[in-house]
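Chemist: For reference, the structure I am asking about is given below.
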Amino acid sequence: MCTFIRRMRISHLNTARWLSTSRTNNMKVSVLGAAGGIGQPLSLLLKQSPLISHLALYDIVNTPGVAADLSHINTSTIVTSHTESPELYHCLKDADLVVIPAGVPRKPGMTRDDLFTTNASIVKHLATGCAEHCPNAFICIIANPVNSTVPITAEVFKDNGVYNPKKIFGVTTLDIVRANTFVAVSKDLDVNQVSIPVVGGHAGVTILPLLSQAKPTVNFSNEELTTLTTRIQNAGTEVVEAKAGQGSATLSMAYAGARFVFSLLRAAQGERGISECAFVESTVVPELPYFSTPLLLGKEGIAQNFGLGKLSDFEKKGLEALIPELSKNIEKGIRFNKFE
Ligand code: NAI
């Protein structure tokens with residue numbers, strides 16, 4: 001057989017493998033906001049995953065360059081580039097999972113809520129695209145304020161008659177990643193063994209690390225509890241200030257976002273026992289229709305909500321303190337969708 005024909009056959013076989021629906025790793029992941037500070041390193045991490053057969057990148061600027069660059073990496077994931085609104089359809093069609101880091105980041109002195117005016121519209125637009133073109137996909141919202149952008153997304157899906165609360169997630173994984181790191185460093189533990197649930201929301205006091213549930217069991221003095229909790233709640237601001245006007249956490253967020261995406265994809269493919277915290281529709285705290293707690297992930301998204309577990313007195317106070325703020329953030333998202 002001449003080399004050319006043999007190459008053609010091999011190439012055909014490879015293409016068939018990528019497109020085959022029987023392959024367990026035949027997953028399409030779409031990144032909206034792919035050319036941004038988070039979008040680029042997140043896409044780089046996703047491109048390396050054998051779980052993903054097609055990585056579809058969408059942004060309003062610079063997508064062709066990012067896609068061309070990533071497409072030269074010799075992994076089997078196919079990368080496609082999509083810019084401008086009409087191309088959103090091609091990016092989202094047949095997507096199994098959509099991750100949304102599109103939107104402006106904080107500058108020093110800003111709260112996440114200060115981003116609402118700009119990011120609410122961006123998320124609403126992109127969520128509408130998801131509801132229309134890939135209503136069954138897992139939707140992972142990174143864009144801030146997560147406490148409001150998740151309710152916006154849920155309302156958009158409800159308006160389109162395709163809402164599935166088991167599949168819409170606010171990505172709070174960075175709070176867990178930070179909590180694990182800070183506790184490991186402060187207690188001189190192996191960071192790979194440390195696991196801290198972080199519940200509530202994703203902004204300031206609404207972020208509630210449950211240090212009493214740390215694995216392995218760790219004892220903290222009252223002073224350590226206060227210092228560590230405050231640091232975890234303000235860790236994003238630490239990065240915003242260190243970057244001095246050049247944005248917020250991007251690299252650690254890309255790492256955290258990739259971890260969450262991989263967990264969801266592994267669970268979707270039938271792997272058991274995968275758990276992550278995420279900000280989702282919830283009945284755990286009656287006043288708060290959305291709340292982050294540890295979740296068991298399964299083929300269809302949330303398989304079980306593990307709730308809060310036993311809280312220490314310190315954490316009970318933290319929970320009381322976060323309810324008014326988180327309730328306001330959630331209500332703002334719900335109202336935005338109704339009135340804008
Ligand atoms: P960035 O400004 O570097 O990138 C945002 C990207 O979104 C840009 O490439 C921009 O062109 C794109 N974009 C804007 N409007 C768009 C639209 N309508 N459609 C598609 N793409 C659009 O910002 P960065 O640093 O990547 O942050 C993105 C978001 O993630 C911010 O809202 C930030 O606050 C949030 N964030 C969330 C974290 C979390 O833990 N959930 C942690 C860190 C940041």
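The values are calculated or read from the model by the stated rules, or taken from the named source; none is laboratory data. Nothing here was measured: the structure is a model prediction, and the numbers come from that model. All Cβ positions, glycine included, derive from the backbone under ideal geometry; neighbour counts span all protein chains shown.
Chemist: Looking at Ile60 and the list (1) surrounded by fewer than 18 Cβ atoms within 10 Å (Cβ to Cβ); (2) farther than 20 Å from Ile139 by Cβ, which single condition is not satisfied?
Modeler: (2)
Chemist: Looking at the structure I just gave you, is Pro209 surrounded by 16 or more Cβ atoms within 10 Å (Cβ to Cβ) and more than 19 Å from Thr173 (Cα to Cα)? Break it down into steps so the answer makes sense when it comes.
Modeler: Values: surrounded by 16 or more Cβ atoms within 10 Å (Cβ to Cβ): yes; more than 19 Å from Thr173 (Cα to Cα): no.
The answer is no for Pro209.
Chemist: I'd like the full set of residues that are crowded, with 19+ Cβ neighbours inside 10 Å and either of a type in the set (Ser, Thr, Tyr) or in the same structural domain as Pro151 (by TED's automatic domain parsing) (or both), limited to region 213-240.
Modeler: Thr229
Chemist: Would you mind telling me which numbered condition in (1) farther than 19 Å from Leu251 by Cβ; (2) modelled with pLDDT of 95 or more; (3) within 12 Å of the ligand (Cβ to nearest atom) Asn62 fails?
Modeler: If we test Asn62 against (1) farther than 19 Å from Leu251 by Cβ; (2) modelled with pLDDT of 95 or more; (3) within 12 Å of the ligand (Cβ to nearest atom), just (1) comes out false.
Chemist: So His202 fits all but one of (1) free of Cβ contacts under 8 Å to residues at least 60 places away in the same chain; (2) in a loop (DSSP other than H, G, I, E, B); (3) under 21 Å from Ser282 (Cα atoms); what number is the exception?
Modeler: (1)
Chemist: Would you be able to tell me the number of residues in region 158-183 that are in contact (Cβ under 8 Å) with a residue 24 or more places away in the chain, away from the ligand (no atom under 11 Å from the Cβ), over 23 Å from Ala267 (Cα atoms) and assigned to a helix (DSSP H, G or I)?
Modeler: From region 158-183, those in contact (Cβ under 8 Å) with a residue 24 or more places away in the chain are 159-160, 162, 164-179, 182-183; that's our starting set.
Keeping just the survivors that are away from the ligand (no atom under 11 Å from the Cβ) gives 159-160, 162, 164-168, 179, 182-183.
Those still in the list that are over 23 Å from Ala267 (Cα atoms) too: 159-160, 179, 182-183.
Now drop any that are not assigned to a helix (DSSP H, G or I), which leaves 159, 179, 182-183.
Total meeting the criteria: 4.
Chemist: Next up: Quick check on my filter: what residues within region 109-123 are of a type in the set (Ser, Thr, Tyr), assigned to a helix (DSSP H, G or I) and more than 10 Å from the ligand (Cβ to nearest atom)? Give the steps one after another, and end with the answer.
Modeler: Restricting attention to region 109-123, the residues satisfying the condition of being of a type in the set (Ser, Thr, Tyr) are 111, 117-118, 121.
Those left that are additionally assigned to a helix (DSSP H, G or I): 117-118, 121.
Selection gives Thr117 alone.
Chemist: Answer yes if at least one residue in region 238-256 is over 27 Å from Gly37 (Cα atoms) and hydroxyl-bearing (Ser, Thr, Tyr), and no otherwise. So that I can check it myself, show each step before the final result.
Modeler: Here is the first cut: in region 238-256, the residues over 27 Å from Gly37 (Cα atoms) are none.
No, that holds for no residue.
Chemist: Please tell me if Thr172 is within 16 Å of Ile207 (Cβ to Cβ), crowded, with 24+ Cβ neighbours inside 10 Å and of a type in the set (Val, Ile, Thr). Steps first, answer last, please.
Modeler: Values: within 16 Å of Ile207 (Cβ to Cβ): yes; crowded, with 24+ Cβ neighbours inside 10 Å: yes; of a type in the set (Val, Ile, Thr): yes.
For Thr172, the condition - within 16 Å of Ile207 (Cβ to Cβ), crowded, with 24+ Cβ neighbours inside 10 Å and of a type in the set (Val, Ile, Thr) - is met.
Chemist: Of the numbered conditions (1) away from the ligand (no atom under 14 Å from the Cβ); (2) surrounded by fewer than 23 Cβ atoms within 10 Å (Cβ to Cβ); (3) small (Gly, Ala, Ser), Ala154 satisfies every one except a single condition; which is it?
Modeler: Here Ala154 clears every test but (2).
Chemist: Looking only at region 266-283, count how many residues are under 18 Å from Val171 (Cα atoms) and not hydroxyl-bearing (Ser, Thr, Tyr).
Modeler: Filtering region 266-283 down to residues under 18 Å from Val171 (Cα atoms) leaves 266-268, 274-282.
With the extra rule that they be not hydroxyl-bearing (Ser, Thr, Tyr), the set shrinks to 266-268, 274, 276-281.
Residues that pass the stated criteria total 10.
Chemist: Let me ask something else about it. Yes or no: Pro101 buried (at least 22 other Cβ atoms within 10 Å of the Cβ) and farther than 21 Å from Val162 by Cα?
Modeler: On the way: buried (at least 22 other Cβ atoms within 10 Å of the Cβ): yes; farther than 21 Å from Val162 by Cα: yes.
Yes; evaluated as a whole, the condition is true for this residue.
Chemist: Hand me the list of strands (runs of 3 or more DSSP E) wholly inside region 260-340 holding 3 or more residues that are buried (at least 19 other Cβ atoms within 10 Å of the Cβ).
Modeler: 274-281, 290-298
Chemist: Output the residues belonging to region 60-108 that are assigned to a helix (DSSP H, G or I), among the aliphatic types (A, V, I, L, M) and touching a strand residue (DSSP E or B) at 6+ places or on another chain (Cβ under 7 Å). Walk me through it before giving the result.
Modeler: Taking region 60-108 as the starting set, the residues that turn out to be assigned to a helix (DSSP H, G or I) are 63-71, 85-92.
Restricting the remaining residues to those that are among the aliphatic types (A, V, I, L, M) gives 66-68, 70, 88, 92.
Across region 60-108, the qualifying residues are Val66, Ala67, Leu70, Leu88, Leu92.
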